1. Identify all residues within the range 96-129 that are polar (S, T, N, Q) and in a helix (DSSP H, G or I); write none if there are none.
2. List every residue pair whose Cβ atoms lie under 8 Å apart, where the two residues are 6 or more positions apart in sequence or sit on different chains, the first residue falls within the range 60-71 and is within 19 Å of A45 (Cβ to Cβ), and the second residue, located anywhere, is among the hydroxyl-bearing types (S, T, Y) and outside any loop (DSSP other than H, G, I, E, B).
3. Among the residues of the range 35-47, is there at least one that is crowded, with 22+ Cβ neighbours inside 10 Å and within 17 Å of L190 (Cβ to Cβ)?
4. List pairs: first residue in the range 167-193 and of a type in the set (G, A, S), second residue part of a helix (DSSP H, G or I) and modelled with pLDDT of 95 or more anywhere in the structure, Cβ distance under 6 angstrom, at least six positions apart or on different chains.
5. Does at least one position in the range 6-23 carry a residue that is modelled with pLDDT under 95 and exposed (fewer than 15 other Cβ atoms within 10 Å of the Cβ)?
6. Does the range 107-120 contain any residue that is within 25 Å of R34 (Cβ to Cβ) and over 13 Å from the mean Cα position of the chain (by Cα)?
7. Would you mind stating whether A51 is among the hydrophobic types (A, V, I, L, M, F, W, C), part of a loop (DSSP other than H, G, I, E, B) and in contact with a strand residue (DSSP E or B) (Cβ under 9 Å, 6 or more places away or on another chain)?
8. Among the residues of the range 132-183, which ones are in a helix (DSSP H, G or I), surrounded by 15 or more Cβ atoms within 10 Å (Cβ to Cβ) and not aliphatic (A, V, I, L, M)?
Amino acid sequence: MKQIVILISGTGSNMAALVRAAEREDWAGRLDARIAAVISNRPGARGLQTARDAGIATAVVDHQAFDGREAFDAALMAEIDRHAPSLVLLAGFMRILTPGFVAHYAGRLINIHPSLLPAFPGLHTHQRALDEGCKLAGATVHHVTAELDHGRILEQAAVPVLPGDSADTLAARVLTQEHLIYPRAVADLLLNM
């Protein structure tokens, strides 16, 4: 059976969407995959409780306990590798990963980003879209590379930018699409593994 590890930093709403999809017979049964663990870099991440409530193993590798990015990534890799994952999914994981970490999971490391990449990599994507006068915003599921928010695009979804939108209202509309496209992109990847 294929194993999936999900990395989170906060509430884990995309992780919860993946968990719901994995519980559906048409997703999990067809793909022979399960979410083996949810790992956070923040001990207080609310998504950890969501995962535990779903019966999923959780772990914390607190980035503040390490002297540098490389040491943190090495400890995180050790925790991930205990589950021998076919895929490692970033779901609101707010850490920039080292090139060595990315290379270790090459082809198996997936992220969801709240913009229509290549537009607006990095943070504050919704405000930046508003500031630029975009008519559309959205989300992108992509392979992770050493370059931030780049890599082969697996799926995208667009939403209109409405008059009077704030960064928060736009983010909420984009998030509903994230919850749809991330499980679908993962399902497609697993079917082709």
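The values are calculated or read from the model by the stated rules, or taken from the named source; none is laboratory data. What you see is a predicted model; the values in this text were computed from it and never measured. Positions of Cβ are backbone-derived with ideal geometry, glycine not excepted, and every protein chain shown enters the neighbour counts.
1. First, the residues of the range 96-129 that are polar (S, T, N, Q): 98, 111, 115, 125, 127.
Of everything in the range 96-129, those that are polar (S, T, N, Q) and in a helix (DSSP H, G or I) turn out to be T125, Q127.
2. V60/S40; V61/S40
3. yes
4. From residues that are of a type in the set (G, A, S), the pairs are A167/H126; A167/Q127; A171/H126.
5. yes
6. Checked against the condition, which is being within 25 Å of R34 (Cβ to Cβ) and over 13 Å from the mean Cα position of the chain (by Cα), the range 107-120 yields at least one hit.
7. So A51 does not fit the description; no.
8. Across the range 132-183, the qualifying residues are R173, Q177, E178, H179, Y182, P183.
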